[in-house]
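The values are calculated or read from the model by the stated rules, or taken from the named source; none is laboratory data. Just so we're clear, the structure is a prediction, and the values are computed from it rather than from any experiment. Positions of Cβ are backbone-derived with ideal geometry, glycine not excepted, and every protein chain shown enters the neighbour counts.
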Amino acid sequence: MYEIERKFLVNHKKWNPADKGTKMKQGYLSVVPERTVRVRITGNEAFLTIKGKPTGIKRIELEYKIPAAEANELMKLCLDFPIEKTRYYEKKDNVIWEIDIFEGLNKGLILAEVELKHERQHVNLPNWIEKEVSEDYRYFNSWLSQNPFSKWEQNS
């Protein structure tokens with residue numbers, strides 16, 4: 001019911017995917033600060049996810065599997081630009097890292113996320129971690145769907 005997550009920028013020179021990853025496409029039906037509502041299609045599966053406003057690295061998260069045909073219809077109702085990415089999973093020590101290589105308008109961005117059991121859980125950072133961005137709203141997928149990485153001033 002709660003998501004406790006830390007997010008990091010990845011150094012692409014130090015990290016290489018171990019497999020072909022999983023393509024994902026997601027769009028947002030709501031991006032108000034109090035809640036985001038997301039539809040995600042990954043392979044033949046689809047999900048509807050509701051997330052509350054973060055408090056530090058913790059927020060409420062509810063996720064429901066939905067039929068892919070319904071997800072495709074919901075995608076047509078989404079705001080702004082869909083998020084397109086390939087996700088990779090790597091187990092390091094006692095945690096599973098999710099590494100996303102963004103495509104489309106967010107090409108050039110690589111983020112790693114790790115979900116924790118509690119907010120003070122210690123995590124050994126792999127050598128390919130560059131910088132923590134857990135509380136930087138610009139790296140939330142809901143923000144990136146409205147403000148693509150390719151259009152940020154630093155990338156012009």
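Some observations on this one:
- Within segment 9-19, being among the charged types (D, E, K, R), farther than 24 Å from GLU135 by Cα and either in a strand (DSSP E or B) or touching a residue at least 60 places away in the same chain (Cβ under 8 Å) (or both) holds for one residue alone: ASP19.
- Residue count for segment 122-156, restricted to those that are without any contact (Cβ under 8 Å) to a residue 12 or more places away in the chain and polar (S, T, N, Q): 3
- Identity of the residue in segment 122-145, part of a loop (DSSP other than H, G, I, E, B) and of a type in the set (Phe, Trp, Tyr), that ends up surrounded by the most Cβ atoms within 10 Å (Cβ to Cβ): TRP128
- Contacts under 9 angstrom Cβ, first residue in segment 101-112 being within 10 Å of THR86 (Cβ to Cβ), partner hydrophobic (A, V, I, L, M, F, W, C) and in a helix (DSSP H, G or I), 6 or more apart: PHE102/LEU144; PHE102/PHE149
- Residue that is modelled with pLDDT of 95 or more, within 14 Å of SER142 (Cα to Cα), in contact with a strand residue (DSSP E or B) (Cβ under 9 Å, 6 or more places away or on another chain) and among the β-branched types (Val, Ile, Thr), where the choices are ILE41, ILE60, ILE66, ILE83: ILE83
- The number of residues in segment 88-121 being touching a Gly at 6+ places or on another chain (Cβ under 8 Å) and crowded, with 16+ Cβ neighbours inside 10 Å comes to 3.
- Qualifying residue in segment 29-37 (condition: assigned to a strand (DSSP E or B) and either of a type in the set (Phe, Trp, Tyr) or over 25 Å from ASP136 (Cα atoms) (or both)): no
- Top-ranked residue in segment 33-62 [being surrounded by 13 or more Cβ atoms within 10 Å (Cβ to Cβ) and acidic (Asp, Glu); ranked as nearest to ARG120 (Cα to Cα)]: GLU61
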